[in-house]
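K.L.:
One structure, as structure tokens, below. Some questions next.
The values are calculated or read from the model by the stated rules, or taken from the named source; none is laboratory data. Computed from a predicted structure; not experimentally measured. So basically every Cβ, Gly included, is an ideal-geometry build from the backbone, and we count neighbours across all protein chains shown. When the accessible area is computed, the model is the full protein with side chains, heavy atoms only, and any ligands, DNA or RNA have been set aside. Shrake-Rupley method; radii C 1.70, N 1.55, O 1.52, S 1.80 Å.
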Amino acid sequence: YQFILVDIILIQNLIRQRKAKAQLEQLKNDRLVGSATIIQSQWRSYDCSMNYLHYLAHVLTIQSVIRRWKGNNYVKQCREDRCKRSAITMQKYMRGFISYKRYTKYLAATSIQKSWRRHYHQNNYTRYIGAKTFQKAWRGHVDFNKYKQFKSAKSIQKSWRGRVALSSYKNYMS
């Protein structure tokens, strides 16, 4: 009996050792996987940050070149515009002078035309008002006659419906 008990204890001891080693191995593997994940995460973060900084440097360089190019073009344009503005100013004053001369020539003609048009349209307007007043009176007369006819028909219909309703009520009550 003693040897069996010692054997059982030894077997249990071996089984517990194997389980403990397996658990230890599992913990070790879990820690390794967690550590590897953290290392990969940190590396990716560093790599992305570096890529971002490189792209940012390229973008800033490109922006700088474009701004310099635009600035140079702006300076050239301003120089050309100054010469154009001088020519445009002289042209403007010359055209203004010519236009004023033409305007004074045609001012008399437009004044006569304006007076004639006013006279012509005033005559047309008084004819229009007269015709409008006549049409208004005629339409009022026609509408009033239609109203009287409608009122008579309405009165007849009212009497007839009253009579029909009274007779049907009497038939219903009897």
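K.L.:
If only one of Ser174, Ser152 is open to solvent by less than 100 Å² (accessible area, probe 1.4 Å), of a type outside the set (A, V, I, L, M, F, W, C) and more than 54 Å from the chain's Cα centre (by Cα), which one is it?
P.N.:
None of the others qualify; the one that does is Ser152.
K.L.:
Go through segment 116-130 residue by residue and tally those that are at pLDDT below 90 and either in contact with a Cys (Cβ under 7 Å, 6 or more places away or on another chain) or hydroxyl-bearing (Ser, Thr, Tyr) (or both).
P.N.:
Selection size over segment 116-130: 3.
Per-residue answers, yes or no, for (1) in a helix (DSSP H, G or I); (2) at pLDDT 90 or above; (3) of a type in the set (Phe, Trp, Tyr):
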{"residue": "Lys21", "(1), (2), (3)": "yes, yes, no"}
{"residue": "Glu25", "(1), (2), (3)": "yes, yes, no"}
{"residue": "Tyr46", "(1), (2), (3)": "yes, yes, yes"}
{"residue": "Ser49", "(1), (2), (3)": "yes, yes, no"}
{"residue": "His54", "(1), (2), (3)": "yes, yes, no"}
{"residue": "His58", "(1), (2), (3)": "yes, yes, no"}
{"residue": "Val65", "(1), (2), (3)": "yes, yes, no"}
{"residue": "Arg68", "(1), (2), (3)": "yes, yes, no"}
{"residue": "Arg85", "(1), (2), (3)": "yes, no, no"}
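K.L.:
Among the numbered criteria (1) at pLDDT below 85; (2) surrounded by 10 or more Cβ atoms within 10 Å (Cβ to Cβ), which one does Thr133 miss?
P.N.:
Evaluating Thr133 over (1) at pLDDT below 85; (2) surrounded by 10 or more Cβ atoms within 10 Å (Cβ to Cβ) leaves (1) as the failure.
K.L.:
Is there a residue in segment 66-78 that is among the β-branched types (Val, Ile, Thr) and open to solvent by less than 100 Å² (accessible area, probe 1.4 Å)?
P.N.:
Yes, some residue in segment 66-78 is among the β-branched types (Val, Ile, Thr) and open to solvent by less than 100 Å² (accessible area, probe 1.4 Å).
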